[in-house]
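Notes for the one structure printed next.
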Amino acid sequence: MFDALSNRLSDIFKGLRGRGKISEENVAEVMREIRTALLEADVHLEVARAFCDEVQKKAIGAEVIRTLKPAEVMVKIVHDELVRLMGPVDPKIPFVTPGPTILMMAGLQGSGKTTTCGKMAKLLQSRAKRPLLVAADLKRPAAIDQLEVLGQQIGVPVYTERGHQNPVKVCRNGIAHARKSDCDVVILDTAGRLAIDDELMAEVAQIAQTTSPQQIYLVLDAMTGQDAVNTAKSFNERLELDAIILTKFDSDTRGGAALSVKQVTGKPIKFIGVGEKLDALEPFHADRIAGRILGMGDILSLVEKAQGQFDAEEAAKLESRMKSGKFGLDDFLLQLRKMKQMGSMRELMKKIPGMGDMMGDMDIDESELGRMEAVIQSMTPAERTNPKVIDASRRRRIARGAGADPSDVSQLVKSFEPMRNMMKAMTAQTSFVQRLRMGTQFSNMMAQGGVPKMKGSTAAHKRVLSKKDKRKRRRK
């Protein structure tokens, strides 16, 4: 979402690097460029202006002008101000005892409200809850059918009353059904409209008044930009929202809504939809999003995603091996397999510190992981433990087994050592500035060939014969 803004800010801060000291005029010039970048990203005008004024005031008063590394201090100040702009956010859901806890979803048609209901039910299931979906969208054709299909996919019951025209009664009956069937969370999927009107507002306000939900979430489409902010403002005036769920966060929209909505409405973004699959709903963390915008990655989200693939014992063992420097190609192979299960390589690499700036110029071939896996599998256990023993004859043997080129084996082995050292460093607790510097080092390493590029196809047609094979061929 923030690619364009992230690239612009990166270019701005690059202009500060290398300067021993800067003046107040330099800071003012940088802030003008940042304000332009924010406006191009569709950030609300007043929000962009207030943000830049605050950053400039802190920059001049935070010894940026007297420091020897002004770029790092400026990035730190901008990061902290972005966190303040979007947060604080508490992603926890306040569950009540005795239940059920009632969550109400509101929003316009096309914002992804019904799909978000399914995603929320899936998220609650992973937290050992027993959700019930209530189909209270009686206006849109097939809305009930869509919710039933989503419920079947994740194994969550759906309460419906077909042919009914009173959504308030459906919600009330659904909550009563949840109590009888021992469901501890009820998710109300209310109707939307193509635009805000009195009928819509009266309906959702009546449902909220009758059911007294613990949380009212407004589902907004991030691709609508400042329109999403205006929608949130209108809904909040009638409903008293608790938080906002921003969908299509993985789209190529400019991201202005995410940066503006909290400041304009006073309501935080609590969850974000990061894909089409039903497990693609994540808690919103202002500090992590700020890190992504500034090209510092999002290691914590990456770790949490990885924890879904590793159990606690596996993760502890892996971290111990990283810290001790015993991380071998066997461990790397396990990581490759887990990475393939975690999603797109491009999206994962964006969360690595320093990689955000480079993704625009990088051609990511998803099949590279498979070729790297084939090369590692062709090695003996001793070679995987200590890749330094791989000489020319071993490279040829490994290449034949993997259907690769000997130079591919050589490139993988050469790249593994610096990658292992960087992974070891990343497991240590580091400060903000250290993380920033580490990100720069990592991106430089990747730019110099840190991710091995397999030739693959060359070896598929040209097999390297050993001396023994050549003798056999001559005899024939």
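The values are calculated or read from the model by the stated rules, or taken from the named source; none is laboratory data. Here the structure is a predicted model, which is why all the values come from computation and not from measurement. Glycine also receives a Cβ, built like all others from the backbone with ideal geometry; neighbour counts cover every protein chain displayed. Heads up: the accessible areas ignore ligands, DNA and RNA and are worked out on the full protein's heavy atoms, side chains in. Shrake-Rupley method; radii C 1.70, N 1.55, O 1.52, S 1.80 Å.
log10 I(q)/I(0), Debye, Cα-only segment 144-230, no solvent, q = 0.11, 0.26 Å⁻¹? Ignoring solvent entirely, the Cα scatterers give -0.37, -1.46. Value of Rg to Rh for segment 367-417, rounded to two decimals, is 0.91; Kirkwood radius and Rg both from alpha-carbon coordinates.
Within segment 228-276, the ratio Rg/Rh, alpha carbon atoms throughout and Rh by Kirkwood, equals 0.97. Note that segment 118-242 presents 45 Å² accessible area per residue, ligands and nucleic acids not counted, probe 1.4 Å. Measuring r between the beta carbons of residue 237 and residue 320 and using R0 = 45 Å, the FRET efficiency lands at 0.25. In this label model, residue 23 and residue 475 are separated by 8.5 nm, measuring between points 7 Å along each Cα→Cβ vector. Sorting the segments 131-137, 7-13, 466-472 by their residues' average number of neighbouring beta-carbon atoms within 10 angstrom, most packed first, yields 131-137, 7-13, 466-472. When the C-alpha to C-alpha distance is required to be over 31 Å, the pairs from 277/414; 57/113; 129/267; 414/470; 57/262; 139/270 that qualify are 277/414; 57/113.
Distances between placed amide hydrogens fall under 5 Å for residue 130 paired with 184, 185, all partners being 5 or more residues away or on another chain. The order of 95, 416 by accessible area, most exposed first and with a 1.4 Å probe, is 95, 416. Across the protein chains, with a 1.4 Å probe defining accessible surface, the residues 193, 337 rank 337, 193 from largest area downward.
Computed over segment 156-285, the P(r) tail beyond 19 angstrom holds 55 percent of alpha carbon pairs. Find the percent of Cα-Cα distances in segment 70-194 that exceed 16 Å, and round it to a whole number. Of all Cα-Cα distances in segment 70-194, 65 percent exceed 16 Å.
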